[in-house]
1. Scan the range 97-144 residue by residue and report those that are among the basic types (Lys, Arg) and either crowded, with 16+ Cβ neighbours inside 10 Å or closer than 20 Å to ILE246 by Cβ (or both).
2. Scan the range 181-188 and give yes if some residue there is of a type in the set (Val, Ile, Thr), loosely packed, with under 13 Cβ neighbours inside 10 Å and touching a residue at least 40 places away in the same chain (Cβ under 8 Å), otherwise no.
3. How many of the residues in the range 148-182 are part of a helix (DSSP H, G or I) and either at pLDDT below 85 or among the polar types (S, T, N, Q) (or both)?
4. Show the residue pairs meeting these rules: Cβ distance below 6 Å; 6+ apart or different chains; first residue within the range 197-213 and assigned to a loop (DSSP other than H, G, I, E, B); second residue surrounded by 15 or more Cβ atoms within 10 Å (Cβ to Cβ).
5. Would you call GLY76 in a helix (DSSP H, G or I), among the small types (Gly, Ala, Ser) and farther than 12 Å from TYR288 by Cβ?
6. Please go through the range 13-64 and pick out each residue that is modelled with pLDDT of 85 or more and not in a helix (DSSP H, G or I).
7. Which of the following residues is assigned to a helix (DSSP H, G or I) and at pLDDT 90 or above: LEU186, LEU132, LEU138, LEU145?
8. Between a residue in the range 240-264 that is assigned by TED's automatic domain parsing to the domain that holds ALA110 and buried (at least 16 other Cβ atoms within 10 Å of the Cβ) and any residue that is in a loop (DSSP other than H, G, I, E, B) and of a type in the set (A, V, I, L, M), which pairs come within a Cβ distance under 6 Å, given they are 6 or more apart or on different chains?
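The values are calculated or read from the model by the stated rules, or taken from the named source; none is laboratory data. Since the structure is predicted, the reported quantities are computational estimates derived from the model, not experimental observations. Positions of Cβ are generated from backbone atoms using ideal geometry, with glycine treated the same way; all protein chains shown enter the neighbour counts.
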Amino acid sequence: MHTPARTEPPAPRGPAAGRRGSVRARRRENLPGYLFLGPWLLGLMAITAIPMLLSLYLSFTDYDVLTPLSDAQWVGWDNYERMFTSDPAYWHAVRVTVTFALIAVPVKLAAALGVALLLNRAFRGVGLFRGLFYLPSLLGGSVALAIVWVSMFNRDGAFNSLLALVGVNGAPWVNDPTWALETLMLLAVWQFGAPMVIFLAGLKQVPAELYEAAAVDGAGAWRQFAHITLPMLSPVIFFNLVLETIHGFQGFTSAFVLSNGTGGPVDSTLMYTLNLYINGFVRLEMGYASAMAWVFLLAIGLITAVLFRTGRFWVHYSDSEGQ
């Protein structure tokens, strides 16, 4: 009688084999995500990463945009040394940009918060008012808006016409070096719609019970604002502060249109980005402009890091009290 051959049971899978199987399974699960991310990653490399690395190389060269890259002459740290030691226009542009940001950003945030407080009420037509106040932000830093703004504040503009109605002789605001930068600040402040909407969203999250309890304790409107609204809004204020600070230092379009690309009158609107453009595309000193761009990037990164570092002393999160 024939006895069938006995088959050995399969050997148990070891830990290494199990890990390999789980890795393959995770790869299969992640493959659709990588496929969807593929076009974005390609765009990031082609439009952002590669040009950034190229500009880093060019910042150490003497190069214009009209000759091949192979003809760029390596000069080492000369561009950076020139920037910090022998270019007065550079430091003037830094002063103009810092002045613009230090004034325009706080005033813009204050205006956005004030209007948000007014619109955080239930009254007829509140939606229409919210849309109207947000409308200027939709135009952003457009050239058309800057042209309209210049036409409003020139000698024969609409603003001086309004002043003339009350007997005031207006100045040529955009052509006066005393007021040209302030005109740009006013344009930046006028576009407070985006931070206003974010403030409105933050105000909707403040519990009404806090105001009711404060009113019972006899706290007036100002004390409620100082001790409830501001602390509860501090994360939103911090978010808007970071975004608007970065945006304030990047101002370009309005300064370019107002001064016809020169930074005038008398360099009063020579913003950092406009000075960078002039060096790179007007004077064709692309190596020097690339060095300016990298210093600008590092400066904004440092300012953002300082904001995050100091934010922990005044930004309060409601879910972190027990931590």
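1. Initial filter on the range 97-144 (among the basic types (Lys, Arg)): 108, 121, 124, 130.
Correct list: LYS108, ARG130.
2. Taking the range 181-188 first, the residues of a type in the set (Val, Ile, Thr) are 183.
Add one more test, that the residue is loosely packed, with under 13 Cβ neighbours inside 10 Å, and what stays is none.
There is no residue in the range 181-188 that is of a type in the set (Val, Ile, Thr), loosely packed, with under 13 Cβ neighbours inside 10 Å and touching a residue at least 40 places away in the same chain (Cβ under 8 Å).
3. 4
4. Note: pairs meeting the criteria are VAL206/MET232.
5. It is false that GLY76 is in a helix (DSSP H, G or I), among the small types (Gly, Ala, Ser) and farther than 12 Å from TYR288 by Cβ.
6. SER59, PHE60, THR61, ASP62, TYR63, ASP64
7. LEU186
8. Listed pairs, sorted by first residue: GLY251/MET271; ALA255/MET271; GLY263/LEU270.
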